[in-house]
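Asker: Provided herewith is a single structure, encoded as structure tokens, for subsequent inquiry.
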Amino acid sequence: MVEITIRKRPHAEAVATQRKFFKKTARGKVVKVLRERYLREDVPCGISHCTICPGMPGTTLPTSGGQGHKSYPHGHFILPDTNVFLHQMDLMEASQLNAPVILLQTVLEEVRHRSLPLYNRLRALVKAEDKQFWVYYNEFRSETACIRLDGETPNDRNDRSIRKASDWYKSHISQVFGRNPQNISTLPTVLLLTDDAANRKFCDAEGIPNSSVRKYVEGLKDATSLLDLLSAAGETEIEPTAALVAGRGALYPEYMPQANLVAGVKAGHLHQGHFNANPYNYLEGNVTVPAHTKPVLLIGREHMNRAVQGDVVVVEIFDEKEWKAPADAVVDQETTLKNDDPDESEEEPDDENALAEERERRALVRENARKQPASSERQPTGRVVGIIKRNWRAYVCHIDSTSLASSSATSLSLQSVFATPVSRFLPRIRLRTRQAPTLIGQKILVTIDRWDATSRYPEGHFVRALGRAESKEAEQESLMLEFEVPYRPFGKAILDCLPPEGEQWVVPPKDPNNPAWRNREDLRDKVICSIDPPGCQDIDDALHATMLPNGNIEAGVHIADVSYFVLPDNPMDAEAAARGTTVYLVDKRIDMLPALLGTNLCSLRPHVERLAFSVIWELTPDAQIVNVRFTKSVIASKSAFTYEEAQIRKDDPHRQDELTQGIRLLNSIAIKLRQQRMDAGALNLASPEVKIHLDSAETSGPIDVEQKQMLETNSLVEEFMLLANISVAKKIQETFPQSAVLRRHLPPPKTNFEKLQDILLKRKGMKLDVSSSGALAASLDKCVDSAFPAFNTLVRIMATRCMLSAEYFCSGSVGRDTFGHYGLASPIYTHFTSPIRRYADVLAHRQLAAAINYASLHATLHSKTHVEQVLSVVNRRHRMAQMASRASVEFYVGLALKSRGADKDGKPKEVQEEAFVIRTFRNGLGVFVSKLGLEGLVLFKREIKFDAENYTVTVPQPKGKEVTVAVFDKVTVRITVEKDRNTQRGVVKMVLVEPVDTST
Amino acid sequence: MGSRVEILNDGGYRSDGRRQFELRDIAIDLSRHGQADGSAMYTQGLTEVLVTVFGPREAKLRSQTIHNRANINVEVNIAAFSTGERRKRSRGDKRILELGAAIKSTFEPVIQTHLYPRSQIDIFVQVLQQDGGLLSAAINATTLALITAGIPLFDYVCAVSSGVHSTHAMLDLTTLEENDVPHLTVAVMPRTGKITLVTLETRLHSDRFEEVFRIACEAGKVLHEEMRNAIKARTSALARAMGEGHPAGAPSNREGDEDFEMGDD
Ligand SMILES: [Zn+2]
């Protein structure tokens, strides 16, 4: 039995134990909040053999501290401040850094408040087996608790709190271990680690041992390898460059103080949002803010003011007469800044630097000189005045070889170099390294540490090398890093959650007392089959249909019963929740669940008994639902078809067996279901989907690219999956109105379509009605050009890009009127049909099982906050996974092009493809090669006439003739893959061949 | 989400520094209050409740008279300043009615009402400040006030709130915690172990329910001890006072004086 006690709070110390503050509620009311704090004597120090602190669970810190630092021969503990974790996480994670660490609650909470990703890394460090971390809850122990004094900033309070804890450790250690006076001089040191010079001064005054991070690392055995990991941030006071830089003056405006930002946003004259860089023009970005339907445009370096993709920024919006339209020219940072020198620590700004500035200024002037844009194109324009939160992470980069001062492979001198991120959304990063020559031609991981007002580029540091650029391994890993795909193999704790029988696991013999069979329907006699793409290993759904005696039809969808194997709150479940989804790259699948489940136990293979979760409808021949029921079941699929096999079987009049009849029945219902959906206004959208054929025999060689084919049977499966998802959504929402896991697709703001509507009207005289999804669907159907069959698909692709993305949400968290799925025109929707590869489906399974009283619902699935939290992770993972897959396809398309473009001798051969113009720029065209699903840019070397109003460019021809190219025009492009000489990165280049040749 | 408070951190501490099974500080003041026959000021953490009891006395209304036992009448009043958000609650407010009904049904089987036919016992619950566990504080205060009024009870009623964060049970929740975790209030009669009240405001997994319920019952015993000590202390103070010739319950300090003046409102 647990021990229950009453905590006594000394009322005399009300100041220390009560906290009063004011808080604004969701409705805007200001309320007084009073909270208590219970100070304790029993918060343990974490040092082994401490005779004062109560029993300490888990691993503790060694009594004599860490060894191996030359300044602390009697051992030491390090006690870092918050900034050390915020700026030097890579260093703290390094395995060579193995001193015992005292992590204060104050620090832990501040890190959590400042950056969740860093907080999560820190938590992992605390748990890591090769690290010695102890979390000391200083704010709960009476001797070390700190209250903010009048007039003290939260930062100063935290610094004081950290010093107080440091001082306490010092006296605690001497009290415990220094009883013997001889020991006093040999006690380990508790070293406060901080890069804040002011704080160190306080420490010196108070007699607290302290050190800057750099000075500490320099005294370690592995100093050289560790120093490279040291981030540039927080070195302000040691580097002489600070003075130099100050002399040169700021390139960017300083940020406003945090309090002014917050107040300004609240008052409404400043606006907060995420910064998005423009991938076509590195001198432009925008921020979507709640107050305006169109994003706020930021033009030029100064106005973007050091914001990096994903940062949460605060912007000031200019007067309306200064509003501009987004750029219509392509500005590439690599060409514009080709010769910029990374080493800014010269006394005077050198010529190259001035040159870069001049070039950028010209690019901007060109932009500004364009004629006053039509008012419809103008959008709020402004500048960044402050940053609420940086979202910096590690970026995959290439070193720009031209930025090296010395490329001699043996050079170990410290040099400043540029790292160019793979993503076009990011600025170049300047970093200092001794390994520059060996990093040329490699993919490397770089993090940004800081971006001062005096520095044109952000400063970062090298984390590690991923391998040769364009090697599949390096590309694969960099893809996974770039999109934050967790790709570690599953650990033992996770694999231990699998059934001990492993691959030999079978459904136990039928027995109502066996837990596997409890409340399960025996559907083994049903004529069930699965229909999937060829080579599918994780079959998570199967179907059946039969005629009922009353003329109605029974149809069933059977989904692998993943929640039977994945129990709530065990390590496997936690891992699946963190992964959120299986990620499909062209050459690799990163599973959400261990392969044993995905490809065997939960794969509804033919002729094998499997556990399933079934949705069974009675439908009229007109596909109206008479009733639906849900049941856990045991099934035995009779066959696993590919879409093509199923199609052929269905179309073969000689086949009259039960399976084929089932497929025909399913198909006839599916056609009607689809019609019903379309009538309700569902959208038939298109996305460029291509399939990559991997040649397995040859390790390096691809590959062919082919567009995905849609058969009737694709649609059959799709319709039934939709129907199952909708039926399940209704059921769980009814049963758990506060916490049901649902999925929705919000209608897009009408302004998203303005540009497309204008293009269609001007180029084709076509109207797009976006008043509802039904109207949009109908008008999309009318966008047909008989001379141009692919036109409709192209318009659909462009329309899709105007929409928002679908998302998971918790039913209790949003208004009932926003549940709808716009694209599917369904008032409610969820994901139920792929629990092997999507975590949201696992949750839906658990909620459905509880809704039919099969099992009780785990407590966490009742909690709105918990469901919200899990789904926000899943949503993010889902987005990232999609981007990773797309990038993977792009990489292989590039490889395919390269191999196709080379003849037997390896000499480059030309690849020409048909393409469609989708955008016009002042100096080029955006084109889409539908056959390859590839989007590219064609740049003109000659002067061209650009008509922004009518979306055309006119290219002069030698004999005074002119050729005009417009959006939607069909053109022919020559595609090559060129290696960027500086970064060794393969870049797809497109040149127009028809109607004009732009290569000359 | 970054700034949200952690309900239970990795070190096993709650946001106010307590561990899972630690109750908040309890203060009990049983000094006499105005004309009331019995009263108790009960503070648990930042939740503060004053209960005054009048009776048993002759029933005022015919309609409320019960021929073979006393009628129990509970009135609840929540001070506008009791939460941060100033809100006036009318007597007909649903939450107030529910609170009153829960207290009444809790005590009906505990008070030996059959001893006082055709009479009535009035219980006034004044909520002065709230930070979670309102019902349990009101019940404990009522028990104490009834005892000081000399009304015979079959047993003490000791109530406590408890909840589950993820899979961890916790006792005595603050408002912050109540907003986040499924929770329940349990009132026990410690001598017999009988349960007189269980309320569950949110859904809770049945396996979890059992565990939380059991712990809440155990906590009831701890509370019992605390409440009994307070009564004992009052009794011995009374005895001492009588020995010294002071009138029973006479205020001997200034706080008592203030109480006295505030009594009739
Ligand atoms: Zn200790």
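The values are calculated or read from the model by the stated rules, or taken from the named source; none is laboratory data. Every value quoted in this text rests on a predicted model; they were computed, and no experiment measured them. Every residue, glycine among them, receives a Cβ derived from its backbone with ideal geometry; neighbour counts consider all protein chains shown. To get the accessible areas, we keep the full protein, side chains included, count just its heavy atoms, and leave off ligands, DNA and RNA. Shrake-Rupley method; radii C 1.70, N 1.55, O 1.52, S 1.80 Å.
Asker: Excluding ligands, DNA and RNA, what is the accessible area buried between chains B and A, summed over both sides, using a 1.4 Å probe, to the nearest 100 Å²?
Answerer: Details: alone 14260 and 47110 Å², together 57520 Å².
Result for this pair: about 3900 Å² buried.
Asker: I need the calculated FRET efficiency for the pair A:Lys492 and B:Asn77, taking r as the beta carbon distance and R₀ as 51 Å, to the nearest 0.05. Walk me through the numbers before you get to the answer.
Answerer: Values: r = 60 Å, r/R0 = 1.17.
The formula returns an efficiency of 0.30 here.
Asker: Let me ask you something else. Could you please state, rounded to a whole Å, how far the C-alpha centre of the stretch B:141-172 is from the C-alpha centre of the stretch A:548-605?
Answerer: Centre-to-centre (Cα) distance: 47 Å.
Asker: At 0.36 nm per residue, minus the direct Cα-Cα distance, what do A:Arg179 and A:Thr818 gain on full extension? Give it in nm, one decimal, please. Show your work: numbers first, answer last.
Answerer: Numbers: separation 639, 0.36 × 639 = 230.04 nm, distance 6.82 nm.
Difference between extended and current length: 223.2 nm.
Asker: Over the stretch A:39-240, what is the relative contact order in percent, taking alpha-carbon pairs closer than 8 angstrom and at least six residues apart?
Answerer: On the way: 309 pairs, mean separation 51.7, N = 202.
Once divided by the residue count of the stretch A:39-240, the mean separation gives 26 percent.
Asker: For the stretch A:747-803, what % of the accessible area comes from carbon and sulfur atoms, probe 1.4 Å? Let's see the in-between values first.
Answerer: Working: 1520 of 2740 Å².
With neighbouring chains kept in place, the figure for the stretch A:747-803 is 55 percent.
Asker: Using a Förster distance of 30 angstrom, determine the FRET efficiency expected from the C-beta separation of A:Thr51 and A:Glu129, and round it to 0.05. Working shown, then result.
Answerer: Values: r = 27 Å, r/R0 = 0.90.
E between A:Thr51 and A:Glu129, to the nearest 0.05, is 0.65.
Asker: Accessible area drop of at least 40 Å² (1.4 Å probe, protein heavy atoms): which residues of the stretch B:20-57 qualify, relative to the chain alone?
Answerer: With the partner chains in place, the stretch B:20-57 has these residues losing at least 40 Å²: B:Phe21, B:Glu22, B:Leu23, B:Asp25, B:Leu46.
Asker: Taking H placed 1.01 Å from N in the peptide plane, check which residues at least 5 places from A:Phe133 or on another chain put their amide H under 5 Å from its amide H.
Answerer: Here the answer is A:Val101, since their amide H atoms fall under 5 Å of that of A:Phe133.
Asker: Right, another one. Count the net charge of all other residues whose Cβ sits under 15 Å from the Cβ of B:Ile195, scoring Lys and Arg as +1 and Asp and Glu as -1. Can you show the working numbers first?
Answerer: Values: positive: B:Arg191, B:Lys194, B:Arg214, B:Lys221; negative: B:Glu108, B:Asp155, B:Glu210, B:Glu218.
Neighbour charge sum, excluding B:Ile195 itself: 0.
Asker: Between A:Glu994 and A:Glu554, what FRET efficiency comes out of the Förster formula 1/(1 + (r/R0)^6) with R0 = 51 Å and r the beta carbon distance, rounded to 0.05? Don't jump to the answer; show the numbers that get you there.
Answerer: Numbers: r = 56 Å, r/R0 = 1.11.
E between A:Glu554 and A:Glu994, to the nearest 0.05, is 0.35.
Asker: Relative to the isolated chain, which residues of the stretch B:103-131 have their accessible area cut by 10 Å² or more in the presence of all protein chains (1.4 Å probe, heavy atoms, no ligands or nucleic acids)?
Answerer: Listed in order, they are B:Gln129, B:Asp131.
Asker: Which number comes out as Rg/Rh for the stretch B:26-262 once both Rg and the Kirkwood Rh are worked out on C-alpha atoms?
Answerer: Values: Rg = 18.0 Å, Rh = 18.5 Å.
The Rg/Rh ratio comes out at 0.97.
Asker: While we're looking at this one, here's another question. Return the distance in nm (one decimal) between the two label points of a simple spin-label model at A:Leu567 and A:Lys389, each offset 7 Å from Cα along Cα→Cβ.
Answerer: In this crude label model, A:Leu567 to A:Lys389 measures out at 3.5 nm.
Asker: Any idea how far apart A:Glu644 and A:Arg464 come out in nm if each label point goes 7 Å out from Cα toward Cβ?
Answerer: Modelled inter-label distance: 4.2 nm.
Asker: I've got another one for you. Rank by packing, highest mean first: peptides A:153-166, A:554-567, with packing defined as the count of other Cβ atoms within 10 Å averaged across residues.
Answerer: On the way: A:153-166: 19.4, A:554-567: 23.9.
Ranked from most to least packed, the peptides come out as A:554-567, A:153-166.
Asker: Taking Cα pairs under 8 Å and at least six residues apart, what relative contact order does the stretch A:910-994 come out at, in percent?
Answerer: On the way: 180 pairs, mean separation 24.9, N = 85.
Relative contact order here is 29 percent.
Asker: What is the mean projected area of the alpha carbon convex hull for the stretch A:394-469, to one decimal in square nanometres?
Answerer: Numbers: hull surface 19.4 nm².
One quarter of the hull surface, i.e. the mean projection, equals 4.9 nm².
Asker: Accessible area per residue, 1.4 Å probe, Å², for the stretch A:540-654: what's the number? Walk me through the intermediate numbers first.
Answerer: Details: 3960 Å² over 115 residues.
Normalised by residue count, the accessible surface of the stretch A:540-654 is 34 Å².
Asker: Let me have the relative contact order for the stretch A:747-803, percent, based on Cα pairs under 8 Å that are six or more residues apart.
Answerer: Numbers: 39 pairs, mean separation 19.9, N = 57.
The value is 35 percent.
Asker: With labels modelled as points extended 7 Å from the Cα through the Cβ direction, what inter-label distance (nm, one decimal) is found for B:Ile195 paired with A:Asp150?
Answerer: Roughly 5.2 nm, to one decimal.
Asker: On to the next question. Enter the Cα centre distance for the pair the stretch A:725-775 and the stretch A:380-395, rounded to the nearest angstrom.
Answerer: Taking the Cα centre of each part, the stretch A:725-775 and the stretch A:380-395 sit 30 Å apart.
Asker: 5 Å is the cut-off here: which amide hydrogens, built 1.01 Å from N in the peptide plane, fall below it relative to B:Lys194, excluding neighbours closer than 5 in sequence?
Answerer: B:Met189
Asker: Turning to a different aspect of this structure: How much accessible area per residue does the stretch B:160-226 have, in Å², with a 1.4 Å probe? Write out the running numbers ahead of the final one.
Answerer: On the way: 2830 Å² over 67 residues.
Averaged over the residues of the stretch B:160-226, the accessible area is 42 Å².
Asker: Could you point to the residue in A:Val506, A:Leu479, A:His558 farthest towards the positive end of the stretch A:438-558's charge dipole, with +1 and -1 charges on the Cβ of Lys/Arg and Asp/Glu respectively?
Answerer: Of A:Val506, A:Leu479, A:His558, it is A:Leu479.
Asker: Work out how much length A:Met883 to A:Lys70 would gain on full extension: take 0.36 nm times their residue separation and subtract the Cα-Cα distance, in nm to one decimal.
Answerer: Numbers: separation 813, 0.36 × 813 = 292.68 nm, distance 4.83 nm.
Difference between extended and current length: 287.8 nm.
Asker: In µm²/s, what is D for the stretch A:910-994 at 10 °C and 1.306 mPa s, where D = kT/(6 pi eta Rh) by Stokes-Einstein and Rh is the Kirkwood radius from Cα pairs?
Answerer: On the way: Rh = 13.5 Å.
For the chosen part, D equals 118 µm²/s.
Asker: Leaving ligands, DNA and RNA out of it, work out the accessible area of B:Glu225 with a 1.4 Å probe and give it in Å² to the nearest 10.
Answerer: Taking all protein chains as shown, B:Glu225 has close to 90 Å².
Asker: So how much slack lies between A:Lys321 and A:Glu618, counting 0.36 nm per residue of separation and subtracting their Cα-Cα distance, in nm? Show your work: numbers first, answer last.
Answerer: Numbers: separation 297, 0.36 × 297 = 106.92 nm, distance 6.29 nm.
Value of the extension gain: 100.6 nm.
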